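Participant: Quick one: structure below, then a few questions.
The values are calculated or read from the model by the stated rules, or taken from the named source; none is laboratory data. The structure presented is a predicted model; accordingly, all values stated were derived computationally and were not measured. Heads up, the Cβs are rebuilt from the backbone with ideal geometry, glycines too, and the neighbour counts pull from every protein chain shown.
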Amino acid sequence: MTQVSMTVNGKTVSGDVEGRTLLSSFLRDHLSLTGTHVGCDTAQCGACVVHVNGEAVKSCNMLALEAEGADVGTIEGQADPDGSLNVIQQAFQDHHGLQCGFCTPGMVMSAAALLKENPRPTEAEIRKYLEGNLCRCTGYHNIVKAIMAASGQDVSHIAAE
Ligand code: FES
Ligand code: FES
(Lines give C-alpha, C1' and ligand atoms only; values in the text may rest on other atoms or scores of the structure.)
(Ligands and ions follow the chains in the order given, each with its own letter.)
Protein backbone atom coordinates (compact mmCIF):
# COMPACT_ATOMS: atom_id res chain seq x y z
CA MET A 1 0.00 0.00 0.00
CA THR A 2 1.12 3.52 -0.77
CA GLN A 3 -0.18 6.73 0.69
CA VAL A 4 -1.75 9.15 -1.75
CA SER A 5 -2.75 12.73 -1.00
CA MET A 6 -4.75 15.16 -3.06
CA THR A 7 -7.25 17.97 -2.74
CA VAL A 8 -10.85 16.93 -3.36
CA ASN A 9 -13.51 19.61 -3.53
CA GLY A 10 -11.19 21.98 -1.70
CA LYS A 11 -10.25 19.62 1.14
CA THR A 12 -6.94 17.86 1.55
CA VAL A 13 -7.45 14.11 1.71
CA SER A 14 -5.16 11.12 1.88
CA GLY A 15 -5.40 7.37 2.04
CA ASP A 16 -3.48 4.17 1.56
CA VAL A 17 -4.07 2.58 -1.83
CA GLU A 18 -2.74 -0.23 -3.93
CA GLY A 19 -0.90 0.64 -7.10
CA ARG A 20 -3.85 -0.61 -9.13
CA THR A 21 -6.49 1.42 -7.25
CA LEU A 22 -8.40 3.60 -9.68
CA LEU A 23 -9.18 7.22 -8.90
CA SER A 24 -12.88 6.34 -9.17
CA SER A 25 -12.44 3.65 -6.50
CA PHE A 26 -10.50 5.99 -4.26
CA LEU A 27 -13.24 8.60 -4.47
CA ARG A 28 -16.08 6.14 -3.95
CA ASP A 29 -14.63 3.55 -1.58
CA HIS A 30 -12.09 5.54 0.44
CA LEU A 31 -13.80 8.93 0.54
CA SER A 32 -17.45 7.75 0.22
CA LEU A 33 -17.98 10.25 -2.61
CA THR A 34 -20.39 7.96 -4.43
CA GLY A 35 -21.77 10.68 -6.67
CA THR A 36 -19.03 9.68 -9.10
CA HIS A 37 -20.68 6.73 -10.82
CA VAL A 38 -19.01 3.73 -12.42
CA GLY A 39 -20.90 2.39 -15.39
CA CYS A 40 -18.27 0.48 -17.33
CA ASP A 41 -14.81 0.75 -15.73
CA THR A 42 -13.41 0.71 -19.26
CA ALA A 43 -13.35 4.43 -20.11
CA GLN A 44 -16.38 4.27 -22.36
CA CYS A 45 -19.47 5.60 -20.57
CA GLY A 46 -18.31 8.82 -18.91
CA ALA A 47 -20.39 8.33 -15.74
CA CYS A 48 -17.18 8.68 -13.73
CA VAL A 49 -16.02 12.04 -15.11
CA VAL A 50 -14.39 14.31 -12.52
CA HIS A 51 -12.14 17.32 -12.84
CA VAL A 52 -8.41 16.88 -12.30
CA ASN A 53 -6.52 20.16 -12.26
CA GLY A 54 -9.43 21.71 -14.13
CA GLU A 55 -9.68 19.12 -16.89
CA ALA A 56 -12.50 16.61 -17.36
CA VAL A 57 -11.09 13.15 -16.74
CA LYS A 58 -12.65 9.69 -16.67
CA SER A 59 -11.70 8.68 -13.16
CA CYS A 60 -11.91 4.96 -14.00
CA ASN A 61 -9.11 5.57 -16.46
CA MET A 62 -6.66 7.07 -13.98
CA LEU A 63 -4.88 5.52 -11.05
CA ALA A 64 -5.36 7.15 -7.68
CA LEU A 65 -1.59 7.44 -7.39
CA GLU A 66 -1.51 9.42 -10.63
CA ALA A 67 -3.62 12.05 -8.89
CA GLU A 68 -1.04 12.57 -6.16
CA GLY A 69 -1.02 16.29 -5.31
CA ALA A 70 -3.78 17.06 -7.81
CA ASP A 71 -6.77 19.34 -7.40
CA VAL A 72 -9.77 17.06 -7.93
CA GLY A 73 -13.38 18.17 -8.26
CA THR A 74 -16.36 15.83 -8.05
CA ILE A 75 -20.09 16.28 -8.42
CA GLU A 76 -20.35 16.68 -4.64
CA GLY A 77 -18.42 19.93 -4.94
CA GLN A 78 -20.52 21.43 -7.72
CA ALA A 79 -23.34 22.99 -5.75
CA ASP A 80 -23.15 26.69 -5.00
CA PRO A 81 -21.66 27.64 -1.61
CA ASP A 82 -25.13 27.95 -0.05
CA GLY A 83 -25.91 24.37 -1.09
CA SER A 84 -28.26 25.26 -3.92
CA LEU A 85 -27.88 23.72 -7.37
CA ASN A 86 -25.37 25.46 -9.59
CA VAL A 87 -26.48 26.86 -12.92
CA ILE A 88 -25.77 23.64 -14.82
CA GLN A 89 -27.49 21.41 -12.28
CA GLN A 90 -30.49 23.76 -12.21
CA ALA A 91 -30.69 23.71 -16.01
CA PHE A 92 -30.69 19.90 -16.00
CA GLN A 93 -33.59 20.00 -13.57
CA ASP A 94 -35.47 22.72 -15.45
CA HIS A 95 -35.11 21.06 -18.85
CA HIS A 96 -35.48 17.42 -17.80
CA GLY A 97 -31.89 16.64 -18.63
CA LEU A 98 -32.03 13.42 -16.66
CA GLN A 99 -34.16 10.34 -16.48
CA CYS A 100 -32.67 7.60 -14.28
CA GLY A 101 -29.84 9.96 -13.37
CA PHE A 102 -27.05 7.43 -13.65
CA CYS A 103 -25.14 9.38 -16.27
CA THR A 104 -25.97 12.77 -14.75
CA PRO A 105 -22.90 13.35 -12.55
CA GLY A 106 -20.61 12.69 -15.49
CA MET A 107 -22.74 14.80 -17.80
CA VAL A 108 -22.72 17.72 -15.37
CA MET A 109 -18.95 17.47 -14.85
CA SER A 110 -18.31 17.29 -18.59
CA ALA A 111 -20.68 20.20 -19.19
CA ALA A 112 -18.86 22.29 -16.60
CA ALA A 113 -15.53 21.59 -18.29
CA LEU A 114 -17.01 22.42 -21.70
CA LEU A 115 -18.53 25.72 -20.57
CA LYS A 116 -15.25 26.71 -18.94
CA GLU A 117 -13.42 26.43 -22.25
CA ASN A 118 -16.34 27.40 -24.50
CA PRO A 119 -18.91 29.55 -22.65
CA ARG A 120 -21.49 29.61 -25.49
CA PRO A 121 -21.20 26.35 -27.38
CA THR A 122 -23.38 25.50 -30.33
CA GLU A 123 -25.57 22.41 -30.24
CA ALA A 124 -23.08 20.65 -32.51
CA GLU A 125 -20.19 21.58 -30.24
CA ILE A 126 -22.04 20.24 -27.19
CA ARG A 127 -22.85 16.97 -28.94
CA LYS A 128 -19.24 16.60 -30.06
CA TYR A 129 -17.91 17.32 -26.55
CA LEU A 130 -20.26 14.79 -24.99
CA GLU A 131 -19.29 11.96 -27.32
CA GLY A 132 -17.54 10.27 -24.40
CA ASN A 133 -20.60 10.45 -22.16
CA LEU A 134 -23.25 7.81 -22.72
CA CYS A 135 -26.83 8.06 -21.50
CA ARG A 136 -28.44 4.65 -21.43
CA CYS A 137 -31.84 6.34 -21.16
CA THR A 138 -30.95 8.11 -24.43
CA GLY A 139 -31.88 11.49 -22.98
CA TYR A 140 -29.43 13.40 -25.12
CA HIS A 141 -31.90 15.89 -26.56
CA ASN A 142 -32.75 17.42 -23.20
CA ILE A 143 -29.19 17.14 -21.90
CA VAL A 144 -27.95 19.23 -24.83
CA LYS A 145 -30.83 21.66 -24.33
CA ALA A 146 -29.99 21.98 -20.63
CA ILE A 147 -26.36 22.75 -21.37
CA MET A 148 -27.36 25.38 -23.92
CA ALA A 149 -29.66 26.94 -21.32
CA ALA A 150 -26.91 26.82 -18.70
CA SER A 151 -24.71 28.80 -21.08
CA GLY A 152 -27.34 31.56 -21.17
CA GLN A 153 -28.68 30.77 -24.63
CA ASP A 154 -32.36 30.97 -25.47
CA VAL A 155 -33.73 27.44 -25.79
CA SER A 156 -37.38 28.37 -25.95
CA HIS A 157 -37.50 27.44 -29.65
CA ILE A 158 -36.20 23.91 -28.92
CA ALA A 159 -39.02 21.48 -28.34
CA ALA A 160 -39.12 19.39 -25.19
CA GLU A 161 -38.71 15.71 -25.82
S1 FES B 1 -17.01 4.13 -15.51
FE2 FES B 1 -15.48 5.40 -16.30
S3 FES B 1 -16.01 5.68 -18.36
FE4 FES B 1 -17.51 4.29 -17.61
S1 FES C 1 -30.49 9.57 -17.50
FE2 FES C 1 -30.36 7.39 -17.37
S3 FES C 1 -28.39 6.97 -18.13
FE4 FES C 1 -28.69 9.05 -18.58
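Participant: Can you tell me which residue among E123, E66, E117 is more than 16 Å from ligand 2 (Cβ to nearest atom), acidic (D, E) and within 22 Å of C40 (Cβ to Cβ)?
Facilitator: Testing whether each residue is more than 16 Å from ligand 2 (Cβ to nearest atom), acidic (D, E) and within 22 Å of C40 (Cβ to Cβ) leaves just E66.
Participant: For segment 22-35, give me each residue that is closer than 18 Å to G46 by Cα and either surrounded by fewer than 16 Cβ atoms within 10 Å (Cβ to Cβ) or without any contact (Cβ under 8 Å) to a residue 60 or more places away in the chain (or both).
Facilitator: First pass over segment 22-35, keeping only residues closer than 18 Å to G46 by Cα: 22-28, 33-35.
The answer is L22, L23, S24, S25, F26, L27, R28, L33, T34.
Participant: Assess whether G97 counts as being part of a loop (DSSP other than H, G, I, E, B) and either modelled with pLDDT under 95 or under 28 Å from L23 (Cβ atoms) (or both).
Facilitator: Here the answer is yes, as G97 does meet what is asked.
Participant: Something else now. Here are D71, D16, D41, D94: which of them is surrounded by fewer than 18 Cβ atoms within 10 Å (Cβ to Cβ), touching a residue at least 12 places away in the same chain (Cβ under 8 Å) and under 18 Å from G132 (Cβ atoms)?
Facilitator: Selected residue: D41, the only one of D71, D16, D41, D94 that is surrounded by fewer than 18 Cβ atoms within 10 Å (Cβ to Cβ), touching a residue at least 12 places away in the same chain (Cβ under 8 Å) and under 18 Å from G132 (Cβ atoms).
Participant: Right, here's the next one. Please pick out the residue among T12, T36, T42 that is within 16 Å of ligand 2 (Cβ to nearest atom) and either at negative phi or assigned to a strand (DSSP E or B) (or both).
Facilitator: T36
Participant: Just to be sure, is H141 in contact (Cβ under 8 Å) with a residue 60 or more places away in the chain, surrounded by 12 or more Cβ atoms within 10 Å (Cβ to Cβ) and more than 15 Å from the chain's Cα centre (by Cα)?
Facilitator: Here the answer is no, as H141 does not meet what is asked.
Participant: Same structure, new question: Residues P81, P121: which one is more than 16 Å from ligand 1 (Cβ to nearest atom), in contact (Cβ under 8 Å) with a residue 24 or more places away in the chain and either closer than 26 Å to V38 by Cβ or assigned to a loop (DSSP other than H, G, I, E, B) (or both)?
Facilitator: Result: P121 is the single residue among P81, P121 that is more than 16 Å from ligand 1 (Cβ to nearest atom), in contact (Cβ under 8 Å) with a residue 24 or more places away in the chain and either closer than 26 Å to V38 by Cβ or assigned to a loop (DSSP other than H, G, I, E, B) (or both).
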